[in-house]
């Protein structure tokens, strides 16, 4: 952030130095295996305040495990509930070729708060089956390899035209 002559350093201006993490929520144990094609909750963040006029990078990292060959799943980040407004959609994540196992993933999306007011909400990271081949999928997490959801303030919303609105 550039400081102009005569500008005062305020708490607000210091807070606006981007990027900075506003939420990080890890998953340190595996989720339940599922065959469901509906969103299953993997991670729920604490309440996060998304400030008016700001942009945020949402990230979802983890490993999707499949119990058989040919599984395909998807992961999402939704607002408020597992069925809430989708803020990030991985589309399809194919399982490992030729064997059951785990495929690592990292997806991110830019979201903006252009509502004119701060929004406080939780983020819900989910997983679901897209194509089943007689098995199940789950999200892997451990203390040394956590899955996680992260929200990072990256600056002014005006700098990210076309970003997903909260």
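It is to be established whether one or more residues within the range 63-76 are out of contact with any strand residue (DSSP E or B) (no Cβ under 9 Å at 6 or more places or on another chain) and exposed (fewer than 14 other Cβ atoms within 10 Å of the Cβ).
Scanning the range 63-76, I find no residue that is out of contact with any strand residue (DSSP E or B) (no Cβ under 9 Å at 6 or more places or on another chain) and exposed (fewer than 14 other Cβ atoms within 10 Å of the Cβ), so the answer is no.
Among strands (runs of 3 or more DSSP E) lying entirely in the range 40-152, which contain 3 or more residues that are over 14 Å from the mean Cα position of the chain (by Cα) and free of Cβ contacts under 8 Å to residues at least 60 places away in the same chain?
101-112
Collect the residues in the range 153-166 that are outside any strand (DSSP E or B), touching a residue at least 40 places away in the same chain (Cβ under 8 Å) and out of contact with any strand residue (DSSP E or B) (no Cβ under 6 Å at 6 or more places or on another chain), keeping them in residue-number order.
Within the range 153-166, 158, 159 qualify.
Would you pick out the residues in the range 120-144 that are modelled with pLDDT of 90 or more, within 30 Å of residue 98 (Cα to Cα) and buried (at least 16 other Cβ atoms within 10 Å of the Cβ)?
125, 126, 127, 128, 129, 136, 137, 138, 139, 140, 141
Looking only at the range 1-39, filter to residues that are modelled with pLDDT of 90 or more and part of a strand (DSSP E or B); which one of those is farthest from the chain's Cα centre (by Cα)?
For the range 1-39, the residue satisfying everything is 34.
Can you spot a residue in the range 86-100 that is closer than 15 Å to residue 27 by Cβ and surrounded by fewer than 18 Cβ atoms within 10 Å (Cβ to Cβ)?
The answer is no; no qualifying residue exists.
The values are calculated or read from the model by the stated rules, or taken from the named source; none is laboratory data. Quantities reported herein were computed from a predicted structural model and do not represent experimental measurements. As a convention, Cβ positions derive from the backbone with ideal geometry for all residues, glycine included, and neighbour counts pool all protein chains shown.
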